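I have a structure here, written as structure tokens, and I will follow up with some questions on it.
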Amino acid sequence: RDYRFLQSTKPNPNAEIGVSSRSLDETKWVVSYIRSDGPTEYVIYDKPTQSITKLFVSKPKLLKYTFAEMEDVRIPAHDGLELVAYLTRSQTTKPTPLILLVHGGPWARDTWGFNPRAQWFANRGYATLQVNYRGSTSYGKTFLHKGDGQWGVGDMQTDLTSAVEW
């Protein structure tokens, strides 16, 4: 019931709902609406009355601009391993040059949400692909350890090549 109500109050249909905090009696929640095409917006949700009060926007000056949406994509690696990636396109109707934006680590990962660098590239006519290659965190130990000894060579590098060829 609460989630359905919060879904109906989203400022953007593609926003993800997150609960940042709750009161001890769980009657008040701090809720975030996370978007890939704009700043995160925060509200206070009053559970008993099912009402929200706007709290703040993470970067309010960005609300006046239009940004590209980030797409969640799955890419098969050369050996069939599924790679989770995020694609931000400046145009959806025609091909554009592609930038492969590689996250640090390898014990790190890319996540869905507003990415200033991807938006900067999209604003200049480029698509940006962010790949969680083998060795990236948050996909389980097996996926993480598939990157062992592969830093900059072997399957980890081939994952990036597979993503660009996709």
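I'm trying to understand the selection: among the residues of region 88-126, which are aliphatic (A, V, I, L, M) and surrounded by fewer than 21 Cβ atoms within 10 Å (Cβ to Cβ)?
Across region 88-126, the qualifying residues are Leu98, Ile99, Leu100, Leu101, Val102, Ala108.
Can you run down the residue pairs with Cβ atoms below 9 Å, 6 or more apart or on separate chains, where the first is in region 104-125 and outside any helix (DSSP H, G or I) and the partner is open to solvent by 80 Å² or more (accessible area, probe 1.4 Å) and not aromatic (Phe, Trp, Tyr)?
Note: pairs meeting the criteria are Arg109/Ser138; Thr111/Ser138; Trp112/Glu16; Trp112/Asp72; Gly113/Glu16; Phe114/Lys59.
Another one. Taking Val57, is it more than 27 Å from Ser136 (Cα to Cα), open to solvent by less than 40 Å² (accessible area, probe 1.4 Å) and β-branched (Val, Ile, Thr)?
yes
Hey, among the residues in region 50-82 that are of a type in the set (Ser, Thr, Tyr) and outside any strand (DSSP E or B), which one's nearest to Thr128 (Cα to Cα)?
Thr66
How many residues are part of a loop (DSSP other than H, G, I, E, B) and surrounded by 15 or more Cβ atoms within 10 Å (Cβ to Cβ) if we restrict to region 127-166?
10
A follow-up question, please. Going through region 127-166 one residue at a time, which ones are touching a helix residue (DSSP H, G or I) at 6+ places or on another chain (Cβ under 9 Å) and closer than 23 Å to Ser36 by Cβ?
Ala127, Thr128, Leu129, Gln130, Val131, Asn132, Tyr133, Ser136, Thr137, Ser138
Could you tell me which of the residues Ile52, Ile75 is closer than 17 Å to Glu16 by Cβ and surrounded by 15 or more Cβ atoms within 10 Å (Cβ to Cβ)?
Testing whether each residue is closer than 17 Å to Glu16 by Cβ and surrounded by 15 or more Cβ atoms within 10 Å (Cβ to Cβ) leaves just Ile52.
Going by the structure shown, is Ser36 in contact with a Ser or Thr (Cβ under 7 Å, 6 or more places away or on another chain) and either among the polar types (S, T, N, Q) or in contact (Cβ under 8 Å) with a residue 12 or more places away in the chain (or both)?
no
Which ones in region 113-126 are of a type in the set (Gly, Ala, Ser) and either closer than 13 Å to Ser36 by Cα or in contact with a His (Cβ under 7 Å, 6 or more places away or on another chain) (or both)?
Gly113, Ala118, Ala122
Follow-up. Restricting attention to region 126-166, which residues are among the acidic types (Asp, Glu) and either closer than 20 Å to Leu98 by Cβ or touching a residue at least 60 places away in the same chain (Cβ under 8 Å) (or both)?
Scanning region 126-166 gives Asp155, Asp159, Glu165.
Would you please name the residue that is least open to solvent (accessible area, probe 1.4 Å), looking only at residues in region 17-49 that are assigned to a strand (DSSP E or B) and more than 19 Å from Arg1 (Cβ to Cβ)?
The qualifying residue least open to solvent (accessible area, probe 1.4 Å) is Ser32.
Please enumerate the residues belonging to region 46-79 that are under 21 Å from the mean Cα position of the chain (by Cα) and small (Gly, Ala, Ser).
If the condition is that a residue be under 21 Å from the mean Cα position of the chain (by Cα) and small (Gly, Ala, Ser), then Ser58, Ala68, Ala77 are the ones that fit.
The values are calculated or read from the model by the stated rules, or taken from the named source; none is laboratory data. What you are looking at is a predicted structure, and each value in this text was computed from that prediction instead of being measured. Methodologically, a virtual Cβ is constructed for each residue, glycine included, from the backbone with ideal geometry; neighbour enumeration extends over all protein chains shown. Ligands, DNA and RNA are excluded from the accessible area calculation, which covers all protein heavy atoms including side chains. Shrake-Rupley method; radii C 1.70, N 1.55, O 1.52, S 1.80 Å.
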